[in-house]
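The values are calculated or read from the model by the stated rules, or taken from the named source; none is laboratory data. Bear in mind that the values here come from a model prediction, so they are computed numbers and not experimental data. Neighbour counts are summed over all protein chains in view; Cβ atoms, including those assigned to glycine, are modelled from backbone coordinates with ideal geometry. Remember, those area values only see protein heavy atoms, side chains included, never the ligands or the DNA or RNA. Shrake-Rupley method; radii C 1.70, N 1.55, O 1.52, S 1.80 Å.
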Amino acid sequence: MSSSKKRVCVIGAGPSGMSFLCHLEKLRLEGVDVPDVVCIEKQSLDENGENVHSPMYKQLITNSPKELSVEFRDYSFEEHFGKPVPSLVPRELIFDYLNVRWNMKNVRRFIKFETVVHTVTYNPNSDDFTVVMRDVSNDLLLPAQTFDFVINATGHYSYPNIPHYEGFETFPGRILHTVEMRDMTHFKDQNVLIIGGSLSADDTSLQLYKHGAKNIIISYRHYKQELIVPENITTRPILTKVVGKTVHFKDGTTADVDTIILATGYKHHYPYMDNDLKLKSANLFYPDNLYKGTLWMKSANNRLFYIGAHDQMYSFTMFDAQALWALRVIIGDVKLPSREAMQADIKHWRDRMEAELSPPKCTLFNILEFQTEYILDVADEAKYGYNLDGRGIMSEYLHHVLENPFTESKDFQARSNVTGNIAPPHHTHFLQNFDLSLQSYLNSK
């Protein structure tokens with residue numbers, strides 16, 4: 001495929017979409033003939049040029065070392081801040097790091113803020129897409145535009161999966177999904193039930209403990225690895241029903257709670273996509289119909305890409321490799337094999353996922369191995385140029401969490417794959433640290 005005069009529509013200016021724009025600008029500066037691009041972003045910017053909304057709660061700290069999947073290999077945290085910073089960091093540090101990297105690449109000029117996608121339609125006769133957008137601030141549909149390629153980079157961590165249990169409708173307390181959490185201090189002195197067996201459930205329980213919740217119960221559907229946790233954090237099998245404030249579990253036990261938090265994951269949700277373009281999948285580590293986990297196979301003649309559509313242990317670095325791979329396909333640097341070969345590759349990964357990552361066989365170590373090998377496969381074909389293997393970092397972190405009290409997890413120190421330096425400890429233990437400002441973390445030892 002030649003990129004000359006081609007037009008690409010990138011939907012979403014989060015980490016996935018911005019990675020695509022950064023790679024495009026880098027190749028353009030190297031003299032590569034790159035396509036024209038328009039990036040659509042529904043959020044606005046404040047007076048400082050910052051994105052005005054975030055679904056992340058106020059006290060959020062990364063639940064895995066930044067060295068695993070946040071630190072880009074061409075721009076280290078140490079280079080950004082002028083010194084090493086702790087491994088587990090709050091959202092303010094992550095955003096500062098990302099924002100400066102994006103500004104260095106000068107890619108905001110590609111973005112149409114306060115604009116949402118209304119419809120995306122593939123036209124088989126002309127082999128292109130019609131994209132209709134809406135101006136959010138004026139609530140106005142804009143004239144349709146034609147694009148040769150579409151990059152869906154919206155991620156899938158915004159539309160919550162909301163299960164229903166008998167009695168939810170009459171529960172007198174508050175029921176909310178983790179995406180709705182804003183401030184952990186709201187749950188001080190409360191008895192809280194968390195439904196879910198993932199890392200987000202563990203992270204939520206730890207934050208609730210830190211901020212003064214009285215008792216915390218984690219209810220899970222599948223086997224959950226028992227961590228060394230404080231006495232007021234306990235686990236139960238899955239919830240069966242709620243009667244008033246009393247929650248009933250599968251093993252016959254009950255408990256009275258004030259709040260129910262759903263750490264139950266997210267759903268793929270792309271209402272603007274025509275039905276034959278829409279990824280419909282559970283939150284999996286390898287969704288179906290995506291070659292290299294990225295290229296849509298059901299329709300659109302190899303012109304539609306999904307970036308960041310996987311369940312994740314890695315995050316930003318995975319999106320970065322996927323984005324470069326998609327761009328290299330578009331400009332013709334990556335030659336696609338036959339359709340049969342692509343389907344066979346998808347089957348290989350999905351068969352392996354079924355064999356290794358299905359409950360109760362699935363472990364965090366299995367997930368780490370699976371996703372690392374997937375990322376290395378994509379990065380190799382994309383000529384990424386940096387080693388993205390984070391198995392050593394994450395394996396050490398997982399052993400640290402399993403072998404030490406869970407409250408020590410946020411104080412782990414990892415070695416950067418970029419600089420080779422070990423992250424310093426923060427000056428205050430996680431449980432006593434209530435200052436998550438950028439300045440506080442930059443004053444670490």
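Projected onto planes of every orientation and averaged, the convex hull of the alpha-carbon atoms in region 339-407 covers 6.1 nm².
If you count the DSSP beta bridges with both ends in region 218-375, what percent of them are antiparallel, to the nearest 5? Kindly include the intermediate steps, with their values, before the conclusion.
Values: 10 of 13 bridges.
Counting DSSP beta bridges with both partners in region 218-375, the antiparallel share is about 75 percent.
Couplings 3J(HN,Hα) for region 376-387, derived from phi with the Karplus relation 6.51 cos²θ - 1.76 cosθ + 1.60 (θ = phi - 60°), are 4, 5, 5, 4, 5, 5, 7, 6, 5, x, 9, 7 Hz, where x marks Gly and Pro. Between the entries [x] 22.5, 78; [y] 22.4, 67; [z] 21.8, 72, the label attached to Rg and Dmax of the Cα atoms in Å calculated for this structure is [y].
What does the accessible area per residue of region 276-424 come to in Å², with a 1.4 Å probe and no ligands, DNA or RNA counted? Per-residue value: 39 Å². With an a/c value of 1.5 or above and a/b larger than b/c for the gyration tensor axes a ≥ b ≥ c computed over the alpha-carbon atoms, region 264-370 is described as prolate.
Amide H to amide H, with H built 1.01 Å from N, T235 comes under 5 Å of I218, counting only residues 5 or more places away or on other chains.
Taking the C-alpha atoms only, the angle from helix 316-331 to the longest principal axis of the chain is near 10 degrees. The accessible surface of region 170-254, taken with every protein chain in place and a 1.4 Å probe, is 50 percent carbon and sulfur.
For R174 and S437, a Förster radius of 25 Å and the Cβ-Cβ distance give a FRET efficiency of 0.30, rounded to the nearest 0.05. Computed 3J(HN,Hα) for region 182-194, one whole-Hz value per residue from the Karplus formula 6.51 cos²θ - 1.76 cosθ + 1.60 where θ = phi - 60°, is 10, 8, 5, 5, 5, 9, 4, 6, 9, 8, 10, 9, 10, glycine and proline marked x.
Just add up the charged neighbours of N417: K/R +1, D/E -1, any other residue whose Cβ is under 10 Å from the Cβ of N417.
-1
Counting only GluC sites (Glu not before Pro) that are in a DSSP loop and have at most 14 other C-beta atoms within 10 Å, tell me the longest site-free stretch of the chain. With a cap of 14 other Cβ atoms within 10 Å, the longest stretch comes to 232-445. Within the shell defined by Cβ-Cβ distances under 11 Å, the residues around I260 carry a net charge of +1, with Lys and Arg each +1 and Asp and Glu each -1.
To the nearest ten degrees, helix 391-403 and the longest principal axis of the Cα atoms of the chain are 10 degrees apart.
Helix 91-105 versus the longest principal axis of the chain: what is the Cα-based angle in degrees, 0 to 90, to the nearest 10? Approximately 10 degrees, to the nearest ten. Protection proxy ranking for 185-191, 326-332, using the average of other Cβ atoms within 10 Å per residue and placing the highest first: 326-332, 185-191.
Stokes-Einstein, applied to the Kirkwood radius of region 296-445 over Cα pairs at a viscosity of 1.306 mPa s and 10 °C, places its translational diffusion at 87 µm² s⁻¹.
Stick to Cα atoms and the Kirkwood definition of Rh, then tell me Rg/Rh for region 158-245. Please list the in-between numbers first.
Working: Rg = 12.7 Å, Rh = 13.7 Å.
When Rh is taken as the Kirkwood radius, the ratio is 0.93.
In region 360-417, the portion of solvent-accessible area held by carbon and sulfur atoms comes to 49 percent [1.4 Å probe, whole percent, DNA, RNA and ligands not counted]. Ordered by 1.4 Å accessible area with all protein chains kept, K5, K298, K292 run largest first as K5, K298, K292. Centre-to-centre, using Cα atoms only, region 384-402 and region 115-145 are separated by 41 Å. Quick one: of the DSSP bridges fully inside the chain, what percent are antiparallel, nearest 5? The antiparallel proportion sits near 45 percent.
Which distance in Å, rounded to a whole number, links the C-alpha centroids of region 185-206 and region 221-300? Region 185-206 and region 221-300 have Cα centres spaced 14 Å from each other.
Please name whichever of N404, S416, Q343 sits farthest to the positive end of the charge dipole of region 309-440, dipole taken about the Cα centre and charges placed at Cβ: Lys and Arg +1, Asp and Glu -1. Toward the positive end, the furthest listed residue is Q343. For the chain, a simple Cβ point-charge model (Lys and Arg +1, Asp and Glu -1, everything else neutral) yields a dipole of about 400 debye relative to the Cα centre.
When peptides 300-312, 117-129 are ranked by their average number of other Cβ atoms within 10 Å per residue, the highest-first order is 300-312, 117-129. In terms of accessible area, using a 1.4 Å probe and ignoring ligands and nucleic acids, T294, T264, T363, T170 rank largest first as T170, T363, T264, T294.
At a probe radius of 1.4 angstrom, the accessible area of region 70-146 per residue rounds to 46 square angstrom. Please say if region 49-192 is rounded, prolate or oblate, where rounded means a/c under 1.5 for a ≥ b ≥ c the square roots of the C-alpha gyration tensor eigenvalues, and otherwise the choice is prolate for a/b larger than b/c and oblate otherwise? Here region 49-192 falls in the oblate category. Among residues other than D33 with Cβ under 10 Å from its Cβ, the summed charge is +3 (Lys and Arg +1, Asp and Glu -1).
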